[in-house]
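The values are calculated or read from the model by the stated rules, or taken from the named source; none is laboratory data. In this text the structure is predicted, and so the values were computed from the model without any measurement. Note that we place each Cβ from the backbone using ideal geometry, even for glycine, and neighbour counts take in every protein chain shown.
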Amino acid sequence: MNKHTDYAEFLGTKQLIHESAGIEPKEPHPCLFQFQRDIVKWALRRGRACIFADCGMGKTFMQIEWAKQIPGDVLILAPLAVASQTVNEAAKLDCEVRYCRDKSEVQSGITITNYEMLEHFDVSRFVGVVLDESSIIKHFDGKMRTEILEAFKQTQYKLACTATPAPNDHMELGNHAEFVGAMSRTEMLSMFFVHDGGDTSKWRLKGHAQAEFWKWVCSWAVMIRKPSDLGYDDGDFVLPPCTIEQISIEHQNSGDFLFAMEAQTLQERIAARRESVSDRVQKCAELVNASSGPWLIWCNLNGESDALEDCIEDAVQVSGSEKPEAKSRKMADFTNGKIRVLVTKPSIAGFGMNWQHCRNVAFVGLSDSWEQYYQAVRRCWRFGQKQDVKVHIITSTAEGQVVANIKRKEADAARMAEEMVKHMHSINEENIKGTGRTSDAYVEDVAKGKNYTVYLGDCVEVCRKLEDNSIGFSVFSPPFASLYTYSPSDRDMGNCKDDGEFAAHFQFLVKELYRVLKPGRLVSFHCMNLPTSKSHHGYIGIRDFRGELIRAFESEGFIFHSEVCIWKDPVTAMQRTKALGLLHKQIVKDSCMSRQGVPDYLVTMRKPGENAEPVEGELDRWIGDKSFKSEGRLSIDLWQRYASPVWMDINPSRTLQKESARDEKDERHICPLQLDVIERAMELWSNPGDLVLSPFTGIGSEGYVALLQGRRFVGAELKASYWKQASANLALAEAEAKTTNLFEL
């Protein structure tokens, strides 16, 4: 039973907007820039939000101000050494943040600790939590990531802050969405993404989902690379130049080959790095020892960092084996100028540190991770840096395409970040600054002929315009609840986040169909049962979609009249869908997962009551060995074929031309109902002159047949490109019908 009596109210529930659960903010500290103050106020109103702000945009100030205004105790989780940096920054906002290592040290107010120490705290005592450098959670193993998400599932106020996430890293966005309670990562992928081909680990944003996806992200996250992204003046937030120098060390062959071989695999690249450690370290030492300013040197191997500490004057190493206190102290000393040269790994100090005092960066070891490289460079090249930054990448010629891969990923990331900002700009600006935004309005239109009317619009709204008991027959194929396949509209019944939402939406139409159909007349719908998948449903099986539709009609008073099974070639289905159950190899592997193909059905429901205008189907006799129909009446031979519970002779390729209606963002080809099916249904269950209804007109197949068979037609189509094609097809059918009638006359 549909609990929503108002259609507009129901459509409002389909909006994928993360609800606010916050507080009314006070005016933030005056030392924050205007854009920072506005973002903080937005995040406080949201209550659970993410701030994706590029390096140097003041995330620390924003998260401290947010935590300061939360009514209760707040816990900040931060990377190693960032905690003490945050404590110092808090003093500038007239705020106290205490660094604690376990729950015994916690007092009221704001507490900060390291991610690794989470297990030593009772998180239930905190009403708010901040994840500083929140993208770091994806670098923990699955157990740690799950622990963070589970630990704060019930926390009332949540804030996650990180530099701009990799735009193509959907898993990272999914982690953040799950943290703030907007949607689970699995739900996000199922709703907005699709994977092509056999690689189920590579997800692509659906074409029609793009606008709705970014609109949804903007309901819980704000992204900013520079103030102008949100309509503010950039002011001092302009990065100085950054030059990158690649230094290649000639590889000395130590193997069995006559010539040095370029590394191809990850293992070969690591081996090449080990063989060239001394040469790369020596080159770096020459650069650093010849200068007097601060240097930040990044390594990947322990041998590299040990050798650099020995070869470079004033060099201090921060290694993974040291105690957290020692690491934190050394990094703080580098920040304060007590250490001139710091040698460490991106996995240790690549997040959160503000080292704008240093302009010289060197990579003596470089992995294939663009994000590690990006974060490491941005410790120095960030807003607030007053000097040109110089990055030196020292690699062996045998390491292969590592640098080229990094540059390619950097270009891809820059391009995708630009796209991300473009999609989010107007929505974020509206959210943060309260400015208005023009939205896509629901558009209606109508095309008419002598015997047809086809509406551009919502089928529920269109059916409400029709008179009671005016429809002689209705035939259509309902959408199969496949999100963002053909349009982004909330009025599209395919765009439902689950089966329950689809059922509620479809019920509004069924109610109208019952009202407009003449008593004793029929409505036929074409459908199939729907295979389930592990990625979307958690299991492989079959969903009884046909039965759900029948029960939806019965709940409004319809009678289950009849059904016919329409045969489909399982080989064609296997080639098109690559369904596990249809693959021959599955018989050998485990035939318990093998199944038959899924047929189509034409299900017919009847409205109770006396049919005032019987559909006369007098049967003609056989003439010789051929059957025929005369004046619209069915021969015995033809009736025997139509009466079969399984139609084996439907031509699946006999449909109207559909390619000109296809939208480039459509995820699937248009699937118009076969003309054979429509013709049989209309011959069986309608009279010439009847008004035939299709609430899902598509490209006009049902109307096309209705006009050629001397019926009238009314239809509704939500998608403009389909409606335009349907209008053309109906005009053509009416012209053909007129020509045929003149010829017969």
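With the checklist (1) outside any helix (DSSP H, G or I); (2) farther than 18 Å from Lys422 by Cα; (3) at pLDDT 80 or above; (4) among the polar types (S, T, N, Q) in hand, flag the one item Asn175 doesn't pass.
Unmet condition: (1).
Considering only residues of the stretch 573-583 that are without any contact (Cβ under 8 Å) to a residue 60 or more places away in the chain and surrounded by fewer than 13 Cβ atoms within 10 Å (Cβ to Cβ), which is farthest from Val603 (Cα to Cα)? Break it down into steps so the answer makes sense when it comes.
Of the residues in the stretch 573-583, the ones without any contact (Cβ under 8 Å) to a residue 60 or more places away in the chain are 573-577, 579-583.
Checking the rest, the ones that are also surrounded by fewer than 13 Cβ atoms within 10 Å (Cβ to Cβ) come to 575-576.
Details: Gln575: 27, Arg576: 25 Å.
That would be Gln575.
Condition check ((1) buried (at least 18 other Cβ atoms within 10 Å of the Cβ); (2) at pLDDT 95 or above) across all residues:
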| site | (1), (2) |
| --- | --- |
| Val475 | yes, yes |
| Ser489 | yes, no |
| Cys496 | yes, no |
| Glu501 | no, no |
| Leu513 | yes, yes |
| Gly547 | no, yes |
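Taking only pairs six or more apart or across chains, which ones have beta-carbon atoms under 6 Å, a first residue in the stretch 332-344 that is in contact (Cβ under 8 Å) with a residue 24 or more places away in the chain, and a second residue that is assigned to a loop (DSSP other than H, G, I, E, B)?
Taking only residues 6 or more apart or on different chains, the pairs are Arg340/Pro294; Arg340/Asp314; Val341/Ile312; Val341/Asp314; Thr344/Val318.
Report yes if some residue within the stretch 715-723 is in contact with a Gly (Cβ under 8 Å, 6 or more places away or on another chain), modelled with pLDDT of 95 or more and not acidic (Asp, Glu); otherwise report no.
Yes, the stretch 715-723 contains a residue that is in contact with a Gly (Cβ under 8 Å, 6 or more places away or on another chain), modelled with pLDDT of 95 or more and not acidic (Asp, Glu).
Whether any residue in the stretch 360-382 is modelled with pLDDT of 90 or more, surrounded by fewer than 19 Cβ atoms within 10 Å (Cβ to Cβ) and either at negative phi or out of contact with any Ser or Thr (no Cβ under 6 Å at 6 or more places or on another chain) (or both) is what I want to check.
Checking the stretch 360-382: not a single residue is modelled with pLDDT of 90 or more, surrounded by fewer than 19 Cβ atoms within 10 Å (Cβ to Cβ) and either at negative phi or out of contact with any Ser or Thr (no Cβ under 6 Å at 6 or more places or on another chain) (or both).
Would you be able to tell me the number of residues in the stretch 584-597 that are touching a helix residue (DSSP H, G or I) at 6+ places or on another chain (Cβ under 8 Å) and free of Cβ contacts under 8 Å to residues at least 40 places away in the same chain?
First, the residues of the stretch 584-597 that are touching a helix residue (DSSP H, G or I) at 6+ places or on another chain (Cβ under 8 Å): 586, 593-597.
Within this subset, residues satisfying the condition of being free of Cβ contacts under 8 Å to residues at least 40 places away in the same chain are 586, 594, 596-597.
Matching residues across the stretch 584-597 total 4.
Those residues that are of a type outside the set (A, V, I, L, M), closer than 23 Å to Glu461 by Cβ and touching a strand residue (DSSP E or B) at 6+ places or on another chain (Cβ under 9 Å), I need them from the stretch 696-721; list them, please. Outline the logic, then answer.
Looking only at the stretch 696-721, we keep the residues that are of a type outside the set (A, V, I, L, M), and these are 696-698, 700-704, 709-713, 715, 717, 719, 721.
Checking which are closer than 23 Å to Glu461 by Cβ leaves us with 696-698, 700-703, 712-713, 715, 717, 719, 721.
Residues satisfying the conditions are Phe696, Thr697, Gly698, Gly700, Ser701, Glu702, Gly703, Arg712, Phe713, Gly715, Glu717, Lys719.
Every residue in the stretch 653-678 that is under 17 Å from Tyr601 (Cβ atoms), surrounded by fewer than 18 Cβ atoms within 10 Å (Cβ to Cβ) and modelled with pLDDT of 90 or more, please.
Matches in the stretch 653-678: Asp676 only.
Only residues that are in a loop (DSSP other than H, G, I, E, B), among the hydroxyl-bearing types (Ser, Thr, Tyr) and free of Cβ contacts under 8 Å to residues at least 60 places away in the same chain: list them for the stretch 275-306, please.
Once the filter is applied, which keeps residues that are in a loop (DSSP other than H, G, I, E, B), among the hydroxyl-bearing types (Ser, Thr, Tyr) and free of Cβ contacts under 8 Å to residues at least 60 places away in the same chain, the stretch 275-306 yields only Ser292.
Would you mind finding the one in Val462, Val523 that is in contact (Cβ under 8 Å) with a residue 40 or more places away in the chain, in contact with a Leu (Cβ under 8 Å, 6 or more places away or on another chain) and buried (at least 21 other Cβ atoms within 10 Å of the Cβ)? First the steps, then the outcome.
Details: Val462 fails: in contact with a Leu (Cβ under 8 Å, 6 or more places away or on another chain).
Residue meeting the stated conditions: Val523.
Within the stretch 278-306, how many residues are of a type in the set (A, V, I, L, M) and surrounded by fewer than 22 Cβ atoms within 10 Å (Cβ to Cβ)?
Step one: of the stretch 278-306, the residues of a type in the set (A, V, I, L, M) are 281, 285, 287-288, 290, 296-297, 301.
Those still in the list that are surrounded by fewer than 22 Cβ atoms within 10 Å (Cβ to Cβ) too: 285, 287, 290, 301.
Summing the residues that are of a type in the set (A, V, I, L, M) and surrounded by fewer than 22 Cβ atoms within 10 Å (Cβ to Cβ) in the stretch 278-306 gives 4.
Give the residue, chosen from Val129, Val97, that is crowded, with 21+ Cβ neighbours inside 10 Å and under 31 Å from the mean Cα position of the chain (by Cα).
Values: Val97 fails: under 31 Å from the mean Cα position of the chain (by Cα).
Exactly one of Val129, Val97 is crowded, with 21+ Cβ neighbours inside 10 Å and under 31 Å from the mean Cα position of the chain (by Cα), namely Val129.
Which one is nearest to Arg654 (Cα to Cα), of the residues in the stretch 682-704 that are in contact with a helix residue (DSSP H, G or I) (Cβ under 9 Å, 6 or more places away or on another chain) and among the small types (Gly, Ala, Ser)?
Ser701
Within the stretch 307-334, how many residues turn out to be within 19 Å of His392 (Cα to Cα), charged (D, E, K, R) and part of a helix (DSSP H, G or I)?
1
Do any strands (runs of 3 or more DSSP E) lying entirely in the stretch 30-132 carry at least 1 residues that are more than 23 Å from Glu371 (Cα to Cα) and touching a residue at least 40 places away in the same chain (Cβ under 8 Å), and which ones are they?
Details: elements: 48-53, 74-78, 97-99, 110-114, 128-132.
Strands (runs of 3 or more DSSP E) meeting the threshold: 48-53, 74-78, 110-114, 128-132.
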